[in-house]
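Each remark here refers to the structure printed beneath this line.
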Amino acid sequence: VSVSRAIKPFAEPGRPPDWFSQKHCASQYSELLETTETPKRKRGEKGEVVETVEDVIVRKLTAERVEELKKIIKETQEKYRQLKKDAELIQAGHMDNRLEELCNEIMMWVIYLF
């Protein structure tokens, strides 16, 4: 229960209401355990740290999330550059014929965000 409550604030838009239920979280975790390759145990000296299945899952999910965030950052940077270019064109008077269209587009984004 505590895990499902703790991660609920980080929900992505469009998730079903039961996505963070205790049962669903448990089934997702079980699926992760089943689909993750169990690390091979190594014989070694006492005190040697052996990687667990949980460690493998954390490493895999962290790498996936890092890639997602890199993609989001790249898309955001591209959008920023395009908006900056559009703002410069508007200020220079080169987009006067499209001002109404751009205004409508901005209003749609404002409605979408709120």
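The values are calculated or read from the model by the stated rules, or taken from the named source; none is laboratory data. Since this is a predicted model, take the numbers as computed values, not measurements. All Cβ positions, even for glycine, are placed from backbone atoms using ideal geometry, and neighbour counts span all protein chains on display. Note: accessible area is taken over every heavy atom of the protein model, side chains too, but ligands, DNA and RNA are not part of it. Shrake-Rupley method; radii C 1.70, N 1.55, O 1.52, S 1.80 Å.
Before moving on, here are some points about what is shown:
- Being more than 30 Å from Thr38 (Cβ to Cβ) and in a helix (DSSP H, G or I) is a description that applies to Glu75.
- Residue within segment 23-30 that is on the phi < 0 side of the Ramachandran plot, surrounded by 10 or more Cβ atoms within 10 Å (Cβ to Cβ) and of a type in the set (A, V, I, L, M) present: yes
- Options Ile106, Ile57, Ile90; residue that is open to solvent by 80 Å² or more (accessible area, probe 1.4 Å) and in a helix (DSSP H, G or I): Ile106
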